[in-house]
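Trainee: This is the structure I want to talk about, given as structure tokens.
The values are calculated or read from the model by the stated rules, or taken from the named source; none is laboratory data. This is a predicted model, so every value here is computed, not measured. Virtual Cβ from ideal backbone geometry, glycine too; neighbours counted across all protein chains shown. The protein model used for the area step is the full one, side chains on, heavy atoms only, and it has no ligands, DNA or RNA in it. Shrake-Rupley method; radii C 1.70, N 1.55, O 1.52, S 1.80 Å.
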Amino acid sequence: MSFYNSQAVLIVAAILFVLGLIGVLTRKNIIFILISIEVMLNAAGLAFVAAGSRWGQPDGQVMFLFILAMAASEVSVGLALVMQTYHQHKTLDAEKLRALRD
Amino acid sequence: MPLLFYTSSVIAILATIMVITRYHPIHALLYLVVSFLAVAMIFLSLGAPFVAVLEVILYAGAIIVLLIFVVMMLNLGTDTATQEKQWLQPKVWIGPSLLALVLLSEMVILLMQGDNADMQVTPVEIKQVSISLYKEYIIALELAGFLLMAGIVGAAHIGKHKKKHLHRFLQEENLDAENKKMKQVEETVNN
Amino acid sequence: MHQYLFLIPALPLAGFLLLSLGGRHLSRKIIAWIGVGSVSAAAIFTIILGLQFLQAPPPEGSYTQTLWQWMSTENFSCAINLRVDALSLVFLFIITFVGALIHIYSSAFMRHDRDYARFFASMNLFVCAMLLLVLADNLVLMYLGWEGVGLCSYLLIGFWYETPANCHAANKAFYVTRIGDTAMAIGLFLLFKELGTLNIPEILQQAPQHFTAASPNITLIALLLLAGGMGKSAQLPLQTWLPDAMAGPSPVSALIHAATMVTAGVYLIARMHVVFQLSPVAMDVTAIVGALTLFIAGCSALVQTDIKRILAYSTISQIGYMFLALGVGAWSAAIFHFFTHAFFKALLFLAAGAIIESLHHEHDIFKMGGLRKKMPLVFWTFLAGAAALAALPLISAGFFSKDQILWYAWSAGNGSPMLWFVALAGAFITAFYTTRLMIVVFWGEMKTHIGEYPGRAMTIPLVILAILSVIAGFIEWPHNMVHLTLFSDLVQKVLPATMLQDDLPEEIVFQIIAAATALFGVYTGYVFYQGNKALIEEWKQSSALMQIRNFLFKGWAFDQLYDALFVRPFKFLTRINKSDLFDKLYNGIALVSRRLNQLFSISQNGSLRWYIVGVLIGIIFILTLQLML
Amino acid sequence: MTVMQHVWIVLGVLFVLLNIGAGLIWVERRMLALWQDRLGPNRAGPLGILIVLADTLKLFFKEDWVPPFADKWVFIIAPAIVVASVLMSFVVIPFAPGIVVADLNVGLLFFLAMSSIGVYSIVLGGWASNNKYALLGALRGASQMIAYEVFMGLSLMGVVMMTGSFKLTDIVEAQRDMWFFIKQPIGLVIFFIAGIAETHRLPFDIPEAESELIAGYHAEYSGMKFGMFFIGEYLGITLISAMTATIFFGGWLGPEFLPGWVWFFTKTFAFILFFILLRASLPRPRYDQLMEYGWKILLPLVLANVMITGAVLLWLKG
């Protein structure tokens, strides 16, 4: 009954991942960068779930749960940093926040 | 089921394209919600209802609300949108996009070379997921717990507004200084 | 009872932990209760343990408690074992009992201090480390306690760290004792290399079989251990730190720099007596060092004006007696002198502290005077301590112990008339400066107004110590008088009996000479400072005498000597060595790496997107490789 | 079941729910009046029941106005989300044996997912209005709903552990011997409190608090867009009441003399009345009090509940 196969799912995941990557690369606003990172994480999760589903094993879903936990903590810390950055530098331009350059 | 998968895939990809091309953060986030909901549908079609629901609850329901919340608190409005418009010139995005597309094409070629099996759509029981979560992955689970704890503490600490607490002597000094200023102003006015 | 042995060091340790971690939040009352209580409880345990030990001595002569394995490698293992035998028991008793009295005294003495908790924390840690030192059954654990007491001594000398001079004194004490400690560590290494063990009973057992007597190896080891003891016990030539260490609070001087820590060297030598006995050279060196030290320090004490410095020099001198006794092989006499000295010297320091505090922190004895009527209790207790120090015959504890040493200095196997004579001269000097101290401080007219009188918490320890200073000697009488030798009977289980030479003069002759010397010293002091004061004024006119006086005042100018011998040449060497060829090489390396850094840091431009592009290109590169191959 | 049966069930559920939502306008006013010792709406029709019709007509014919400063599309979408998400939640509720739109095996999680989607209506509505009060209301609403969603989810976990399933029909069936409110009293109380906060009803109506924020997140709304928020709120009350009845009070279970769906609706209606009684009797807490109450009291309590339930279950198992 299945017309679609594992390749199709993985290709969707790859497309989503690359779209997120483009977002990270082209945007200057930190908020947009964070959003794009979320897209990428989600795409990675999709690939995991697809792999788990391909072999009928729960491991893929377990990995997705870990990605979820990681994304949640990343977003909370990231947003706290964004707020502090905005309060201190009055800008969200990632290109201007270059204090770490050598 | 294939229909469900293909429809939601197309929606997911389109919505994600919209996400990365919007100027206004809230609009981007709304499209991101759509994208996540579509991915949740993909999960459902892959026989993983549990993670589908978690995707909705946590990604769409918590993480993105958090992002929207911050956007609202920072009051990023139309100014941000115009700024984004200025930043997003073709010369800025064409190079990286082409590079990313190269990556995509390579990945697709590699994926096409790989094994091509039909998906099993028999759902994986939640019970199985939980059992393997608490058996083989128990260490990883605990580490994830640490990570979340660190995330909470880190966010609470970083996000804290640093209040300036003047020592009471300094406060008095400040008051004295202000009083002096006031007196000077009064004198000049009187003169 | 002995299964609770670990509690004796553990209680002060618990007190230290409580006070150092939570002392900030506790009230002074609770701090005092914890600080005093932990040591007092340890003292009670010690007394119970000691009574049990005396009633039913263990068959093997010691209690041992194994706590846990500290470290273990292929051919070296070291356990945390506590071991009590008669020798440790004496030390244990002094440390906890005198320590508890001094803690009680300090709870009142330090009551106005800002860092009340820090003081008691350090004191408790000190007691714990000192107990570990004497309870250790292997030299590694003992070394831990050894360094622990050094640390606490450093912390407490520099207790009032806001004054730079105190910090200098603390540093000096630390550096100088470090020399001895290093020597001792090397000695331990050698001992381990020779015997393959650092367990004390095993060493004592194996050393006679392993070493031939007077072989260079054993002499070297014994001398290195002796150097360690000299550092800690402020013996010539490492004695310079102790007078400066008086910068700490008076209870610290009483506990650490009079009663306990400075006698650690005596303990070490007594503990390793088998090693020393195997090396006649080391024994002779010990005796000579002790004799020289007691004389030199006694001379310095003659002319000091700071009350605590007088006591400090007298401490050095008294420990010199102990070393002399050890050197001539009078083991039990040395330990007995340690026993009595702990009481009367702690008493003198505490009484001095009470006087200093009452007189608004006045240290100069010539600004005191006339305190006999104003502070009778302090006077009487001080008198008891001074009598013991001056070794007044029959009525003081000091007489019994010092007389024994004087007798053995001549009569013991290693003794000689020369040593006896020096020791006798030292006894005279001791009596002389003690009398000087008493008369100047307590007679004459008042020169400083008394601020406040010591409270009960300060006077009760004084009284107890004064009583002990008088009666502690009665447990050990000279052989030819009453036949009562409780102390040497006890110690004899661990330490060998003293060998006597043949055909000696009668012992009673020596006793009479010693008693007469002490009395003559007192009389001389009385003549100079009370009877005929003009004599001193007359002498002050003579510049030669004044020069000698200054020379003695500076402690025989040892500080200046070391400055010229070591410090200045070292500084000179470092100065000329400041920029040499090697520096240029190193600078060259640094320069090259800095240039490279500048080159590479172009890529480090701080732009997030730039970095991600880098990662992306890397991934594409790898994937392309995958596709091509 | 045939396709037509599915369609009928869906249509029937929709019809009943929308009518309940509308009818609650009248019920709430009459009941409030009863508890406050006054008459309430009594002019139009018998007992004033025609006020439902009058209100609906008014809402339909008012000017459907979008403020020029608002973000138009978001402004329009926001009210739809609340109604849609609440109606979606009803999909998993079993009204009677066999009468359920989709008996998902993750039913309970689906309900939680939909209620978390519901936050968007407040947040987006408040943000798109481009108005200070609305924005404040939206911020408050977002933090309140996110916070209380956590306790809502956790409070149900005890029941899930006892049942061993997320499926709502299983949960109802597991209550044949004893309803869960006896075994899980803390879960019930916390679930209900969180439900009040999720529907932002009084006393937790902090996002809209008339006296301080005018009307909070829907201050700029009028006409049928406001009507959607309005009906969404009543549907939300119905949803929480229905869930309480299903999860803790045995759903359709009851003595045989009445059919299952009657029992279900009776229980649901009792909880709806309780909601209205709360509105009539309790004052509104301050915003910070609400958050503190949630994070410092409810969260530890609910975690303890989960842990104790798990421990007891393991103990009983052997």
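Trainee: Filter the range C:549-565 down to the residues that are in a helix (DSSP H, G or I) and not basic (Lys, Arg) and list them by number. Reasoning before the result, please.
Mentor: Keep residues of the range C:549-565 that are in a helix (DSSP H, G or I), which gives C:549-553, C:558-565.
Passing the criteria: C:Asn550, C:Phe551, C:Leu552, C:Phe553, C:Phe558, C:Asp559, C:Gln560, C:Leu561, C:Tyr562, C:Asp563, C:Ala564, C:Leu565.
Trainee: Can you find a residue that is open to solvent by less than 80 Å² (accessible area, probe 1.4 Å), more than 30 Å from C:Ala354 (Cβ to Cβ) and of a type in the set (Phe, Trp, Tyr) anywhere in the range C:465-476?
Mentor: Within the range C:465-476, none of the residues are open to solvent by less than 80 Å² (accessible area, probe 1.4 Å), more than 30 Å from C:Ala354 (Cβ to Cβ) and of a type in the set (Phe, Trp, Tyr).
Trainee: Looking at (1) touching a Leu at 6+ places or on another chain (Cβ under 9 Å); (2) more than 18 Å from B:Phe69 (Cα to Cα); (3) at pLDDT below 90, which is the one condition that is false for A:Val82?
Mentor: Every condition holds for A:Val82 apart from (2).
Trainee: Looking for something in contact (Cβ under 8 Å) with a residue 40 or more places away in the chain, within 25 Å of C:Gln492 (Cβ to Cβ) and in contact with a strand residue (DSSP E or B) (Cβ under 6 Å, 6 or more places away or on another chain) - is there at least one such residue anywhere in the range C:296-316?
Mentor: Applying the first criterion (in contact (Cβ under 8 Å) with a residue 40 or more places away in the chain) to the range C:296-316 yields C:296-316.
After this cut, where a residue has to be within 25 Å of C:Gln492 (Cβ to Cβ) as well, the list is none.
No: zero hits.
Trainee: Among residues belonging to the range B:8-21 that are open to solvent by less than 70 Å² (accessible area, probe 1.4 Å) and more than 7 Å from chain A (Cβ to nearest Cβ), point out the one that is modelled with the lowest pLDDT.
Mentor: B:Thr21
Trainee: Scan (1) more than 7 Å from every other protein chain (Cβ to nearest Cβ); (2) under 22 Å from B:Ser130 (Cβ atoms); (3) touching a helix residue (DSSP H, G or I) at 6+ places or on another chain (Cβ under 9 Å); (4) open to solvent by 10 Å² or more (accessible area, probe 1.4 Å) for the single condition A:Arg54 breaks and write down its number.
Mentor: (1)
Trainee: Further question on the same structure: Sort out which residues of the range C:58-76 are β-branched (Val, Ile, Thr) and surrounded by 12 or more Cβ atoms within 10 Å (Cβ to Cβ), and write them in order of number. Spell out how you get there, then give the answer.
Mentor: So in the range C:58-76, the residues β-branched (Val, Ile, Thr) come out as C:64, C:66, C:73.
Scanning the range C:58-76 gives C:Thr64, C:Thr66.
Trainee: Still on this structure, please answer the following. Looking only at helices (runs of 4 or more DSSP H) that fall completely inside the range D:244-318, which ones have 1 or more residues that are at pLDDT 90 or above? Before you say what the answer is, go through the steps one by one.
Mentor: Values: elements: D:260-281, D:287-292, D:299-317.
Where helices (runs of 4 or more DSSP H) fall fully within the range D:244-318 and carry at least 1 residues being at pLDDT 90 or above, they are D:260-281, D:299-317.
Trainee: Same structure again: Mind listing whichever residues of the range C:430-448 are buried (at least 22 other Cβ atoms within 10 Å of the Cβ) and among the hydroxyl-bearing types (Ser, Thr, Tyr)?
Mentor: Answer for the range C:430-448, where residues must be buried (at least 22 other Cβ atoms within 10 Å of the Cβ) and among the hydroxyl-bearing types (Ser, Thr, Tyr): C:Thr430, C:Tyr433, C:Thr434, C:Thr435.
Trainee: Would you mention how many residues in the range A:41-74 are at positive phi and part of a helix (DSSP H, G or I)?
Mentor: Keep residues of the range A:41-74 that are at positive phi, which gives A:56.
Now drop any that are not part of a helix (DSSP H, G or I), which leaves none.
Final tally of qualifying residues: 0.
Trainee: If you scan the range D:122-139, which residues turn out to be under 23 Å from D:Val150 (Cβ atoms) and open to solvent by 20 Å² or more (accessible area, probe 1.4 Å)?
Mentor: In the first step, residues of the range D:122-139 are kept if they are under 23 Å from D:Val150 (Cβ atoms); the result is D:122-127, D:136-139.
Matches in the range D:122-139: D:Trp127, D:Leu136, D:Leu139.
Trainee: From the list D:Val119, D:Val92, D:Val150, which one is open to solvent by 30 Å² or more (accessible area, probe 1.4 Å), within 13 Å of chain B (Cβ to nearest Cβ) and within 17 Å of the chain's Cα centre (by Cα)? Before the answer, list the steps.
Mentor: Details: D:Val119 fails: open to solvent by 30 Å² or more (accessible area, probe 1.4 Å); D:Val92 fails: open to solvent by 30 Å² or more (accessible area, probe 1.4 Å).
None of the other options fit; the residue is D:Val150.
Trainee: For C:Asp583, are the conditions met, namely being of a type in the set (D, E, K, R), in a helix (DSSP H, G or I) and more than 37 Å from the chain's Cα centre (by Cα)?
Mentor: On the way: of a type in the set (D, E, K, R): yes; in a helix (DSSP H, G or I): yes; more than 37 Å from the chain's Cα centre (by Cα): yes.
Criteria met by C:Asp583.
Trainee: While we're on this one: Which residue out of A:Val9, A:Val62, A:Val49 is touching a Gly at 6+ places or on another chain (Cβ under 9 Å), more than 20 Å from B:Leu148 (Cα to Cα) and among the β-branched types (Val, Ile, Thr)? Working first, answer last.
Mentor: Details: A:Val9 fails: touching a Gly at 6+ places or on another chain (Cβ under 9 Å); A:Val62 fails: more than 20 Å from B:Leu148 (Cα to Cα).
From the options A:Val9, A:Val62, A:Val49, the qualifying one is A:Val49.
Trainee: Okay, next question. Determine if the range B:106-124 includes at least one residue that is within 14 Å of chain D (Cβ to nearest Cβ) and open to solvent by less than 90 Å² (accessible area, probe 1.4 Å). Don't jump to the end; show me each part of the working.
Mentor: Start the filter on the range B:106-124 by keeping residues that are within 14 Å of chain D (Cβ to nearest Cβ), which leaves B:122-124.
Among the residues that remain, those that are also open to solvent by less than 90 Å² (accessible area, probe 1.4 Å) are: B:123-124.
Looking for residues that are within 14 Å of chain D (Cβ to nearest Cβ) and open to solvent by less than 90 Å² (accessible area, probe 1.4 Å), one finds at least one in the range B:106-124, hence yes.
Trainee: Which one of these does D:Met162 not meet: (1) assigned to a helix (DSSP H, G or I); (2) within 18 Å of the chain's Cα centre (by Cα)?
Mentor: Condition (2) is where D:Met162 drops out.
Trainee: Among the candidates C:Leu465, C:Leu495, C:Leu490, which residue alone is within 15 Å of C:Tyr105 (Cα to Cα) and touching a helix residue (DSSP H, G or I) at 6+ places or on another chain (Cβ under 8 Å)? Outline the logic, then answer.
Mentor: Details: C:Leu495 fails: within 15 Å of C:Tyr105 (Cα to Cα); C:Leu490 fails: within 15 Å of C:Tyr105 (Cα to Cα).
C:Leu465 is the lone residue from the list that is within 15 Å of C:Tyr105 (Cα to Cα) and touching a helix residue (DSSP H, G or I) at 6+ places or on another chain (Cβ under 8 Å).
Trainee: On to the next question. With touching a Gly at 6+ places or on another chain (Cβ under 6 Å) and either part of a helix (DSSP H, G or I) or closer than 19 Å to C:Phe336 by Cα (or both) as the only criterion, which of C:Ile429, C:Ile439 stands out?
Mentor: On the way: C:Ile439 fails: touching a Gly at 6+ places or on another chain (Cβ under 6 Å).
One residue alone meets the criteria, C:Ile429.
Trainee: If the Cβ limit is 6 Å and pairs must be 6+ apart or interchain, which residue in the range A:33-56 that is aromatic (Phe, Trp, Tyr) pairs with which residue that is surrounded by 22 or more Cβ atoms within 10 Å (Cβ to Cβ)?
Mentor: A:Phe48/A:Gly60; A:Phe48/A:Phe64
Trainee: What is the residue count in the range A:66-98 for residues that are more than 7 Å from every other protein chain (Cβ to nearest Cβ) and over 19 Å from A:Val24 (Cβ atoms)?
Mentor: 4
Trainee: Quick one: how many residues across the range B:46-83 are under 30 Å from B:Val124 (Cα atoms), more than 7 Å from chain D (Cβ to nearest Cβ), buried (at least 22 other Cβ atoms within 10 Å of the Cβ) and at pLDDT 85 or above?
Mentor: Looking only at the range B:46-83, we keep the residues that are under 30 Å from B:Val124 (Cα atoms), and these are B:46-65.
From what is left, the residues that are more than 7 Å from chain D (Cβ to nearest Cβ) are B:46-48, B:51-52, B:54-55, B:58-59, B:63-64.
From what's left, buried (at least 22 other Cβ atoms within 10 Å of the Cβ): B:46, B:48, B:51-52, B:54-55, B:59, B:63-64.
Going one step further and asking which of them are at pLDDT 85 or above, we end up with B:51-52, B:54-55, B:59, B:63-64.
Residues in the range B:46-83 being under 30 Å from B:Val124 (Cα atoms), more than 7 Å from chain D (Cβ to nearest Cβ), buried (at least 22 other Cβ atoms within 10 Å of the Cβ) and at pLDDT 85 or above: 7 in total.
Trainee: Counting only residues that are open to solvent by 80 Å² or more (accessible area, probe 1.4 Å) and modelled with pLDDT under 85, which one in the range C:39-57 is farthest from C:Asn124 (Cα to Cα)?
Mentor: C:Gln55
Trainee: Only one residue in C:Trp380, C:Trp407 is of a type in the set (Phe, Trp, Tyr) and surrounded by fewer than 24 Cβ atoms within 10 Å (Cβ to Cβ). Which one?
Mentor: On the way: C:Trp407 fails: surrounded by fewer than 24 Cβ atoms within 10 Å (Cβ to Cβ).
Selected residue: C:Trp380, the only one of C:Trp380, C:Trp407 that is of a type in the set (Phe, Trp, Tyr) and surrounded by fewer than 24 Cβ atoms within 10 Å (Cβ to Cβ).
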